[in-house]
Amino acid sequence: MSLSVILGLMLCIEAPGSSAVTDVFVKRGDDVLLEVMDDATKRFIILVWNFNTSNVLVGYSPGGKPTVPEGYTGRVEFFVGNYSVKLKNLQDDDSGVYTAQVTGNKDQTIAEYMVTVQGPVSPVDLNPDSVSISLDSCNLTVTCSTEDSHISSTFTCDTNTCSQEGGDQSKVTNSGASLRVHLLNDTIICNYSNQVSWTQKNMTQIQDLCLLHAGLSDGVSICLVKTVVFSVGLIIMVSVVISVHLMEKIRKLK
């Protein structure tokens, strides 16, 4: 019986499932290696790797050469030594279930993977929305945003420490990635990630940011001090001039 006929018959066989499906996440454009980890490969007539049950990726019979359908030529590499298969340059349409099946004394699924292809996450922005200042604390609300989602959180700082209202804030975006804003020491961190990539933006020195938005940054304080010193000096100089003038006038009157 030819290999192509056997492959056709394999598609009609419902092989017993493997004990577990392995989840694999792959970055768009990358390769992935799917391995067989089962003793059933010691004796078989034919082994077939399938995609979503009905699409044959490769068929192999001991002593022969691997057969790869034309649609997967150059995109699939089969390793005779351990029966693993490498999928190359994966795209979104390649997400799905990949199974390795053997036929021999019995038909059996010896490997099963749920492959999910993901693109890299987009950049994030972290911006202050509002600042309120009291005598002993500062409340700062920020927004952590991506191209399709956002999350806001409020932080309270005193002269020594900062805390996040409600603790870490996170959500799953429309693309299935995780958007999170949290506090680490005195740094606000906006993190956006999926299983294959991540990006983040930080906002440091929150207390200084509070002062800046309140119009009391270090630069402003120095300017204010200089203004006060200049004003006091000017007042002293004017007072000295007036005193000297008065003393001279009194002396003349005597």
Exercise. Given a Förster radius of 51 Å and the C-beta distance between residue 237 and residue 178 as r, what FRET efficiency does 1/(1 + (r/R0)^6) yield to the nearest 0.05?
Worked result: 0.20
Exercise. Cβ under 13 Å from residue 161's Cβ, residue 161 left aside: what net charge do those residues give with Lys, Arg +1 and Asp, Glu -1?
Worked result: -3
Problem set entry | Additional length obtainable on full extension of the chain from residue 130 to residue 168, 0.36 nm per residue less Cα span | 11.8 nm
For this session: Please report, in debye to the nearest 20, how large the charge dipole of segment 31-94 is about its Cα centre when each Lys and Arg carries +1 at its beta carbon and each Asp and Glu carries -1 there.
Result: 340 debye
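Stretched out fully, how many nm does the piece from residue 208 to residue 244 gain, at 0.36 nm a residue minus the Cα gap?
In short, 8.3 nm is gained.
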Exercise. For residue 168, what accessible area in Å² do you get when you roll a 1.4 Å probe over the heavy atoms of the protein chains, rounding to the nearest 10?
Worked result: 80 Å²
Seminar exercise, completed: So, with points 7 Å from each Cα along the Cβ direction, the residue 33-residue 73 label distance in nm works out to 2.7 nm
Problem set entry | Neighbour-limited loop hits for trypsin sites (Lys or Arg not before Pro), segment 35-115 (at most 14 other Cβ within 10 Å; DSSP other than H, G, I, E, B) | 43, 88, 106
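The values are calculated or read from the model by the stated rules, or taken from the named source; none is laboratory data. Being a predicted model, the structure only gives us computed values, none of them experimental. So basically every Cβ, Gly included, is an ideal-geometry build from the backbone, and we count neighbours across all protein chains shown. Accessible surface is based on the protein model in full, side chains and every heavy atom, while ligands, DNA and RNA are left aside. Shrake-Rupley method; radii C 1.70, N 1.55, O 1.52, S 1.80 Å.
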